[in-house]
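See below for the structure under consideration.
What follows is calculated from the coordinates using simple rules that are stated; it is not laboratory data. Note that the structure is a prediction, hence the values are computed from the model and not measured. Cβ atoms come from the backbone with ideal geometry, glycine included; neighbour counts cover every protein chain shown.
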Amino acid sequence: MLAPRTTPWPLVALFTAGYLAPYLLPTVVGRLDSGLPLTPTQAGAIGSALLLSSAAAGFLLASRVERLGARRLARTGLALALFGYGGAALAHAVPAVVLGVMAGGLGSGTVTAVAATRIAALGADPARTGRGTWRTDPHRVTTAGLLGVSALAGALYLTVPHLGPGHDRPLAAIALTALAVWPLTGRLTAAEVPSESAAVRPPAPLPHRRHGLILAGCMLLWSLAQNSLWGVSGRIGLNQAHLTEAAVGAVFAVALGAGLLGVTGAGALGPRLGRALPVGGGTVLIAVCIALSASATDLTTFATGEIAWNTVYPIVLSYVIGLAASLDGRGRWAVLVGSASSLGTAAGPLTGSVLSAGAGFPVMGVILAAGLLLVAVPLTVVALGRRTPEPATDVEVVAIPLDTTEAVPAAPERLAPAS
């Protein structure tokens, strides 16, 4: 008998804790720039180091969660996040802050890997996986996680500016979130011992290799453009649009709220529009929003660009995830495309800082928008193809829906807000 369909709140909480640091990246980078003897480029480099550390954890652990144990890895990641971000919040020497942020990023990536792999397994047959405790729709859980992290990040954007200056406030908030999630890890599974047949079975080749490589390369650049702007959005609002930190935080909070509408809308639309129009057309809209935000000199323009951007971003992302999942029934392309996206996310803050320092925010926006327009072409070509996932030969073959409402992110990035 299948277990009742209930929401696995421990996984939702892990998802929230893992993705909180990328969501808070603008305020983290901005506070490092203003609170420590760092240039904007150096602060952006620290933000990139945080995300690169997180991406590295995802690459290393994506296929090892079951063997090492979800509970053990989750607790390890939460401990790294707690002591890494917490130590960076308490430190005032730049090297100590960098080490703490990188350790925290490693923890965030570990927690994210556990959440993503466990959520992906929710729709599996309990007879095959032995995991029937939570029998539910993975997309529903992913949506709950996105709603949770967006709501928490939005609340922090409204709160942090009123808690005083310093780089310690946002970092302490991430560390305390990891501490709050720790008690929920008791419901996660311990390490599993693979069967002898599974241990000796050679891996099957990746199907649709050309389309998968194109999609992975495009997503690296796609995420790079999104997070190049996201990493410097706080400075655009403060220095170019001449807004207060409280006003910038309010814009980000509203933008994250718009992102919630985007997540909900993506689930409601499902396959009605196909994939090519949301992926290609949505990427073009994002390019326009990025150029608008980067050129903002007042509250109206800045808020319009950021809010519109964060509304469209999760819709496009959900369809790209569904496209990656359609390339391979085992989900390997989804993992690889998500990992490539994480690399782009990690390089974003430094890229944005370098471009803005050398050419200014408006020119940076034009460059990023032009790059997205170029990427939209191969993304659309791949999305126009109709593929059926290759079924696994060693397990019972089941029908795998190809609509985006069944897809699960392999690694978010910023996830969000393009946020």
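Data table
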item	result
Segment residue 180-residue 374, length gained on full extension (0.36 nm per residue, minus Cα span)	65.6 nm
log₁₀ of I(q)/I(0) at q = 0.11, 0.12, 0.18, 0.19 Å⁻¹ - segment 32-118, Debye sum with one point per alpha carbon	-0.31, -0.37, -0.71, -0.76
Peptide ranges 161-174, 305-318, 11-24 listed from the most packed, as the mean C-beta count within 10 angstrom indicates	11-24, 305-318, 161-174
